[in-house]
1. Collect the residues in region B:195-215 that are free of Cβ contacts under 8 Å to residues at least 60 places away in the same chain, closer than 24 Å to residue A:295 by Cα and touching a helix residue (DSSP H, G or I) at 6+ places or on another chain (Cβ under 8 Å), keeping them in residue-number order.
2. Just the residues that are in contact with a strand residue (DSSP E or B) (Cβ under 6 Å, 6 or more places away or on another chain) and part of a helix (DSSP H, G or I), please, taken from region A:211-249.
3. Among the residues of region A:455-481, what is the count of those that are more than 9 Å from chain B (Cβ to nearest Cβ) and either within 16 Å of ligand 1 (Cβ to nearest atom) or not in a loop (DSSP other than H, G, I, E, B) (or both)?
4. Check every one of the strands (runs of 3 or more DSSP E) wholly within region B:150-255 and list those with 3 or more residues that are more than 20 Å from residue B:80 (Cα to Cα), within 16 Å of ligand 2 (Cβ to nearest atom) and more than 10 Å from every other protein chain (Cβ to nearest Cβ).
5. In the list A:164, A:149, A:187, A:201, which residue meets the criterion of being at pLDDT below 95 and either under 30 Å from residue B:263 (Cβ atoms) or more than 16 Å from ligand 2 (Cβ to nearest atom) (or both)?
6. Restricting attention to region B:115-145, which residues are part of a loop (DSSP other than H, G, I, E, B) and facing chain A (nearest Cβ under 7 Å)?
7. Quick one: which of A:464, A:482 is modelled with pLDDT under 95 and not assigned by TED's automatic domain parsing to the domain that holds residue A:94?
8. So is residue A:96 away from ligand 2 (no atom under 16 Å from the Cβ), closer than 16 Å to residue A:188 by Cβ and away from chain B (no Cβ under 14 Å) or not?
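The values are calculated or read from the model by the stated rules, or taken from the named source; none is laboratory data. Computed from a predicted structure; not experimentally measured. Methodologically, a virtual Cβ is constructed for each residue, glycine included, from the backbone with ideal geometry; neighbour enumeration extends over all protein chains shown.
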Ligand SMILES: Cc1cc2nc3c(=O)[nH]c(=O)nc-3n(C[C@H](O)[C@H](O)[C@H](O)COP(=O)(O)OP(=O)(O)OC[C@H]3O[C@@H](n4cnc5c(N)ncnc54)[C@H](O)[C@@H]3O)c2cc1C
Ligand SMILES: Cc1cc2nc3c(=O)[nH]c(=O)nc-3n(C[C@H](O)[C@H](O)[C@H](O)COP(=O)(O)OP(=O)(O)OC[C@H]3O[C@@H](n4cnc5c(N)ncnc54)[C@H](O)[C@@H]3O)c2cc1C
């Protein structure tokens, strides 16, 4: 939350360098593409994690690749940090600006450049909204599979930077599985192309590395995505359980039966009630948990799977199973899930969304641990998540106007993530580390592993100008965070002094 | 036992880095013909075997790098599961470390995903001999850079793989292959059209005037797809796809240089001097094409590039001609990335001259 100037010896020196960059930018770009006035800059002071705010030194909105190159070259020359930004829907503070830095918005890169229905690919600019791709290719019977809940707003560039997931990733994969190529600009302004229309490329797989790299390795200026044929048949089931553990076991049983649903989501009682009160989806308010299971594909296959899943749910002790009769009913079943985040806004003034991923078999155990931690911190937590992937989204409810509650919420969030790591999972499944989970990275990784991450970063960005201070903590920071963390059965950072 | 072996490997790597002595990581040598030639002291990881953890309901398996591919495949099949990228083994002794290092995927690749898509995590040694873990055993993980997937196809240039976690998938209930007579051009068009429809396509190849389409899934869905596409049902389909995948098919029984072209799936057949239709095998629904030809390497690279892809000399091509020349900025970046893992360049270092890095 406090902004530091990582590249200046002092804030004053960094400010002076920024001043030089701004002066040069005003000659490089059209006037409307450089924002220096305070009020319009405010729009960019946070992403979806609004507890963290920082006014950027200046904002640029280039609209050609050459302009992006020019901006990066200039910033490189003056050693001014750059933060790329898509739609700013990120939930980990990844696009949080830097006071003495440039915020580079890709908003003007909003064109779909080419659709090749036969090859099933689309070449798009990074500022294209996720949902626009599926909308544009629907006439060819195709769709772009990764569908974050934020898909009407978030950009494909942001999706690549975060390796975003969505409800349908269980079957169709994450962003990394659906991107064929990118063009990006290095921190010193070089244009590099990775992949494209082919299924692989010579050399190290930098494309895989770029997915989920949180704007730390380069600025993405073009993306080629893979398109899939739309499934002809979709079925959605809703199952109610009196017991969270039984719902968790049902998830494992479906997968164990060799069925990969298109989506398999779970909501606990707290969020089920909130969502029901909000959108009246017809959810059972008395259930301890509900499961939403979507099956899609060819008619014959989907019908067979539907029967199998119904049986599994019944065997797992579901108290109520409903199958959506038509498209309207399917939409209603999903409406509550899709509105879950805003619905939680009705039961508490603020919420804090966590993103740990755990082995499916630990769902019940970890949910129980989360309730215990919530009681300990005197806060309420509701859970709505991608159960099929084991990707939890505990929503910590709090009220920022109550002194100390935000701090307690953050503390609780941290403890929840540590519980996920202890269960053999990870601190982030799809939202990224950003600034938010940077301390928990010290729990998940040893100092040698963190050092390796820094070395990778340095190979791309020698001077640490791209999105500095995010995603990977320095070893000093971990030492300060300094709890005795157990990592792969060993205390992490044994070489660092404890204080 | 594994711990002792790992400690030994760590010691060897540290010493090699201190003395800047090159190492050559050995799985079983099964793919020696298809990876860049490297020289140095052998570093044998074949003793590092065994399945560390396998939970069928999690769809995740963790294995030690020296484990034979065949052993893992048998263990998965016993639970009705598989490695969906259908890796070629090229020999009964092939290890998982070698398979991941070579990043090889089989006929199912365009429909199910590549090897790298199924890598969830790795445990590895870098040039400092540090024992590191990246990724994990869960389906979704964006904590830190994706160094696990980066190891796929890196030919051991970034370090020694010790353990790998894979996502696995259920075996299909039914599988049928049909064959149709079609020209290469018509086959390419057909493969792409079919891939754009919701059919359970799991392989599509064209050899010697025949288009082979494999469908995998529920019995009902497979039957419906076969009826839809027509053609004659292939009786020895499993053997056919094994032969294509393992390069045991007659097409590959040649003393001529063999090239692999990675092209846009819809690209027209490139014209290569001295090669006719019989010298091409199209796999991956058009995206991977094998070529038998004596044409100069520069001509093959140029033709692949003109078609929007790239070529790689697989067999019978001089080491310094196997790979395309990469743009300078990309090449430098790859070098720096290699050095970030292996500062003394001890791992499979001559491979660096090839593969664009
Ligand atoms: C209500 C809501 C629901 C959500 N649901 C999901 C969900 O289901 N699944 C999911 O995965 N996420 C979800 N998210 C999180 C968020 O939408 C995703 O992380 C999304 O990919 C961010 O895209 P963006 O364009 O908003 O990126 P931003 O927030 O602008 O940026 C995110 C990161 O990407 C970097 N970046 C952006 N563009 C580029 C570029 N062109 N080149 C390089 N780096 C770049 C930024 O520097 C930053 O680090 C949700 C968010 C909200 C608010
Ligand atoms: C028994 C034996 C006999 C041999 N005889 C000859 C010979 O006569 N002539 C000759 O020139 N060479 C010989 N070699 C060397 C051989 O040709 C290869 O150079 C060497 O075996 C590398 O391939 P591999 O064993 O790992 O094979 P594969 O298992 O096929 O490995 C393929 C690639 O993956 C890499 N790799 C494998 N495992 C890992 C891992 N765990 N981590 C990271 N990278 C990995 C390898 O370095 C290689 O690049 C022999 C090797 C063996 C083991």
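1. Selection gives B:196, B:199, B:200, B:215.
2. A:244, A:247
3. Of the residues in region A:455-481, the ones more than 9 Å from chain B (Cβ to nearest Cβ) are A:461, A:463-470, A:473-481.
Keeping just the survivors that are either within 16 Å of ligand 1 (Cβ to nearest atom) or not in a loop (DSSP other than H, G, I, E, B) (or both) gives A:461, A:464-470, A:473, A:475-481.
Residues in region A:455-481 being more than 9 Å from chain B (Cβ to nearest Cβ) and either within 16 Å of ligand 1 (Cβ to nearest atom) or not in a loop (DSSP other than H, G, I, E, B) (or both): 16 in total.
4. Correct list: B:160-167.
5. A:149
6. B:126, B:130, B:136, B:137, B:138, B:139, B:140, B:141, B:142, B:143, B:144, B:145 - these are the residues of region B:115-145 that are part of a loop (DSSP other than H, G, I, E, B) and facing chain A (nearest Cβ under 7 Å).
7. Matching residue, one of A:464, A:482: A:482.
8. Spelling it out, it is not the case that residue A:96 is away from ligand 2 (no atom under 16 Å from the Cβ), closer than 16 Å to residue A:188 by Cβ and away from chain B (no Cβ under 14 Å).
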